[in-house]
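Here is the structure we will look at, set down as structure tokens.
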Amino acid sequence: MTESHIDYQALVHKALKGAVRDILLRVAAEGLVGDHHYYITFKTEAEGVQVPKRMQTQYPNEMTIVIQHRFWDLNVYDDFFEIGLSFNQRAEHLVIPFEAITSLVDPSVRFALQFDDKKDEAEDDGEALLFDDPVVEDDGGPTFAEDTTEGTGNGGNVVPLDAYRKG
């Protein structure tokens, strides 16, 4: 087999992160169209991530945000995006570099982009998934993790994506 002098995995990774950026640019310009909404999971300890300290403490490794009903000030840049979200009825500002993102899911059309966070492996640096079978078996939608941070909210801000992950 001939040795490749082109890093195809890096090119695919960059293209898929660009797709996330393009999706968010569209949302910033047009808002959410139809039933589209997004679950974005990211590494909270990644360089450049800015989340409130209480959330960083509660979710020290990975966190999922939902871009659906209550979000504002979505600004998309070359390497990161920033967004306002409500957590337990508290307005918060987050900055998330695209390199910190591990997955983006649009359950309305059963589409997902999942990124491998293992930098040393040359396999599957990212992939797009289309779901033919139901993603969630109980028809109740994804189960929201309980948010136990201060405030009187009723949870519902962090979504486990195990049902969407490739097994």
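The values are calculated or read from the model by the stated rules, or taken from the named source; none is laboratory data. What you are looking at is a predicted structure, and each value in this text was computed from that prediction instead of being measured. Cβ: placed from backbone, ideal geometry, glycine included. Neighbour counts: every protein chain shown.
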Notebook entry, point to check: So which residues in region 50-94 are among the β-branched types (Val, Ile, Thr) and part of a strand (DSSP E or B)?
Noted result: 64, 65, 66, 67, 76, 83
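Results for (1) at pLDDT 95 or above; (2) in contact with a Cys (Cβ under 8 Å, 6 or more places away or on another chain); (3) among the hydrophobic types (A, V, I, L, M, F, W, C); (4) surrounded by 15 or more Cβ atoms within 10 Å (Cβ to Cβ), shown as yes or no for each residue.
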site	(1), (2), (3), (4)
60	no, no, no, no
64	no, no, no, yes
67	no, no, yes, yes
82	yes, no, no, no
88	no, no, no, yes
Notebook entry, point to check: Being in a strand (DSSP E or B), at pLDDT below 90, touching a helix residue (DSSP H, G or I) at 6+ places or on another chain (Cβ under 9 Å) and not basic (Lys, Arg), is that true of even one residue in region 98-115?
Noted result: no
Check: For region 5-59, which residues satisfy the criterion of being of a type in the set (Val, Ile, Thr) and in contact with a Ser or Thr (Cβ under 8 Å, 6 or more places away or on another chain)?
Finding: 40, 41, 51
Next item on the list: Being surrounded by 12 or more Cβ atoms within 10 Å (Cβ to Cβ) and at positive phi is the filter here, so list the residues in region 32-54 that pass it.
Entry: 48
Margin query: So in region 100-112, with the set limited to residues that are of a type outside the set (Ser, Thr, Tyr) and over 11 Å from the mean Cα position of the chain (by Cα), which one is surrounded by the most Cβ atoms within 10 Å (Cβ to Cβ)?
Written below: 107
Note to self: Being of a type in the set (D, E, K, R) and over 16 Å from the mean Cα position of the chain (by Cα) is the filter here; which residues of region 48-67 pass it?
What the structure shows: 53, 54
Checklist line | Selection count where residues are touching a Phe, Trp or Tyr at 6+ places or on another chain (Cβ under 7 Å) and closer than 16 Å to residue 44 by Cα, scope region 85-111 | finding: 10
